[in-house]
Amino acid sequence: MYKGFVELTKKMLKAFYDVSQTHKQFGDVFTEIGVRDPQPNASETFMKFGESHRNLEKVAMTMVTTLKPMLNDLHTYLHKAIPDTRLTIQKYADAKFEYLSYCLKVKEMDDEECTYIALQEPLYRVETGNYEYRLVLRCRQLAREKFAKMRSNVLEKLELLDQKRVQHIVTQLQRFLSACLKYDQSCVEVMEPHQNLFPIEVDLFRNNSVFERAEVGGQSAASRPYADRSDQADQDEDDNPVSKSFQE
């Protein structure tokens, strides 16, 4: 569940970032149109509309900045808290296996003593002080204390992990929803004052002429087509009286 939530949050943050960049590009385009438009009303409208899109980009980036710490918290829980609990459980399993091994060893030694007593035969380790048996008992006692301690730690960590899971997921979902709600409200506040900007009157022919003059004005005379220069030369020759008299 946490992995799915983290992946969904990542995708949504990436989507919001892409939306913010799209708003920024729209804002730049509308602002450029407003700067070049010769009509004052249309220019002011495009400038306002472009600025509103730039504000939308700021709102989206604010939301991304707000949700990024939430993603870090989820990563901490998913990649630190849960693996630490798994490691504790693994240590508990090792301690349990060790304790049960010593218990089995003690039982085997007890069965061995009972067998020799039933056969009325002497057992070497018993006659020599039964040191090995007492050593195994001591090891079993130490393993039992370690096993009990690890079991207590596992129960505490599982309880804390479960409590944190319930509280953590609720807190993060509330944080996520509040950020989305704030984003929607901010977008409405940004766009609501400009809902009556359109329609506007735009002289497309005049605008195209202005844009063409601006583009052509930046070109040198040497870059113009050869046919235009030849036509102009022919016209100048026809207008020249000296050339007319020479032809006559």
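Numbers below:
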{"read-out": "Extension reserve of the Gln21-His79 stretch, reckoned as 0.36 nm per residue once the Cα distance is removed", "value": "17.8 nm"}
{"read-out": "Solvent exposure of segment 13-75 as accessible area per residue, Å², 1.4 Å probe", "value": "53"}
{"read-out": "Relative contact order of segment 11-106, defined on C-alpha pairs under 8 angstrom at six or more residues apart (%)", "value": "28"}
{"read-out": "Rg and Dmax [Cα atoms of segment 113-164; Å; Rg one decimal, Dmax integer]", "value": "20.0, 62"}
{"read-out": "Part-to-part distance (alpha-carbon centres) for segment 2-16 and segment 152-182, which is given in Å", "value": "17"}
{"read-out": "Residues of segment 1-45 with amide N under 17 Å of the 7 Å Cα→Cβ point at Glu189", "value": "none"}
{"read-out": "Gyration tensor (Cα) of segment 10-161, equivalent ellipsoid semi-axes in angstrom", "value": "81, 10, 8"}
{"read-out": "Extension gain, Glu108 back to Glu156 (0.36 nm per residue minus Cα-Cα distance, nm)", "value": "13.8 nm"}
{"read-out": "Fraction of accessible area attributable to carbon and sulfur, segment 2-69 (%, probe 1.4 Å)", "value": "61"}
{"read-out": "Fraction of accessible area attributable to carbon and sulfur, segment 74-159 (%, probe 1.4 Å)", "value": "56"}
{"read-out": "Set of lysines near Lys91 by C-alpha distance (under 17 Å), chain-local residues within fewer than 8 positions excluded", "value": "Lys80, Lys146, Lys149, Lys157"}
{"read-out": "Gain on full stretching of the segment that runs from Thr115 to Gln39 - 0.36 nm per residue minus C-alpha separation", "value": "16.1 nm"}
{"read-out": "Rounded accessible area of Lys96 (nearest 10 Å², 1.4 Å probe)", "value": "90"}
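The values are calculated or read from the model by the stated rules, or taken from the named source; none is laboratory data. Small disclaimer: the values here were computed from a predicted structure and weren't measured. Cβ atoms come from the backbone with ideal geometry, glycine included; neighbour counts cover every protein chain shown. Accessible surface is based on the protein model in full, side chains and every heavy atom, while ligands, DNA and RNA are left aside. Shrake-Rupley method; radii C 1.70, N 1.55, O 1.52, S 1.80 Å.
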